[in-house]
Structure formats: structure tokens, C-alpha cells
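One structure is given below, encoded as C-alpha cells.
The values are calculated or read from the model by the stated rules, or taken from the named source; none is laboratory data. Not measured: the values here are computed from a predicted model. Note: ideal-geometry Cβ built from the backbone for every residue, glycine included; neighbour counts use all protein chains shown. We work out accessible area using only protein heavy atoms, side chains counted, and drop any ligands, DNA or RNA first. Shrake-Rupley method; radii C 1.70, N 1.55, O 1.52, S 1.80 Å.
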Amino acid sequence: MQNVTLNVEGMSCGHCVKSVEGSVGALAGVNEVKVNLAEGLVEVAFNEAQVSLDQIKETIDEQGFDVK
């Protein structure tokens with residue numbers, strides 16, 4: 001199990017939080033997703049044998065946000 005905190009730009013509302021949590025949370029191997037809207041952070045707990053960090057970042061990017 002791996003835990004990462006990503007800096008994500010462009011999130012500004014509750015819909016943004018639901019979009020990121022829903023899309024990343026739907027990935028196989030992702031156990032938990034928490035968005036801190038005020039700080040622009042996304043914490044993800046995932047099984048690296050099932051999903052890569054790059055896949056997670058790409059999923060966030062596909063929702064229209066920039067991962068730094």
C-alpha cells in the first residue's frame with residue numbers, strides 16, 4: 001500500500017471535490033481519496049500493484065485539473 005499527497009491546481013468548489021474523489025476512487029486499487037480543497041491537496045492511498053501513480057495523475061488531469 002502506498003500513500004501520496006498530490007498538489008492539484010484548479011479545484012474551487014464542492015463539485016471539483018466530488019469529481020476528483022469519484023474518478024480517482026473508481027480506479028481499481030485505490031483504497032481512499034481525500035481532497036483538501038482549501039490547500040489544493042489530494043491524498044490517495046492505493047495498491048501500486050494494481051494502479052500506478054501516473055494513472056492516478058492522468059485521471060485527475062482528465063477531470064480538468066493540473067497535478068503539480
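Rounded to the nearest 20, the Cβ-based charge dipole of the chain about its Cα centre (Lys and Arg +1, Asp and Glu -1) stands at 140 debye.
Per-atom-type breakdown for the chain gives carbon and sulfur 42% of the accessible area (1.4 Å probe, protein chains only). A Gaussian network model of the chain, with springs between Cα atoms under 10 Å, assigns the largest mean-square fluctuation among 29, 40, 14 to 14.
From the Cα gyration tensor of the chain, with a ≥ b ≥ c the square roots of its eigenvalues, which class applies: rounded if a/c is under 1.5, or else prolate if a/b is larger than b/c, or else oblate? Judged from the Cα gyration tensor, the chain comes out prolate (a/c at least 1.5, a/b above b/c). Note that the chain presents 59 Å² accessible area per residue, ligands and nucleic acids not counted, probe 1.4 Å. Using C-alpha pairs under 8 Å with a sequence gap of at least 6, the mean separation divided by the residue count of the chain gives a relative contact order of 43 percent. Report the residues of region 1-27 in range of a label on residue 49: point 7 Å along Cα→C-beta, backbone N strictly under 14 Å from it. It comes to 1-2, nothing else.
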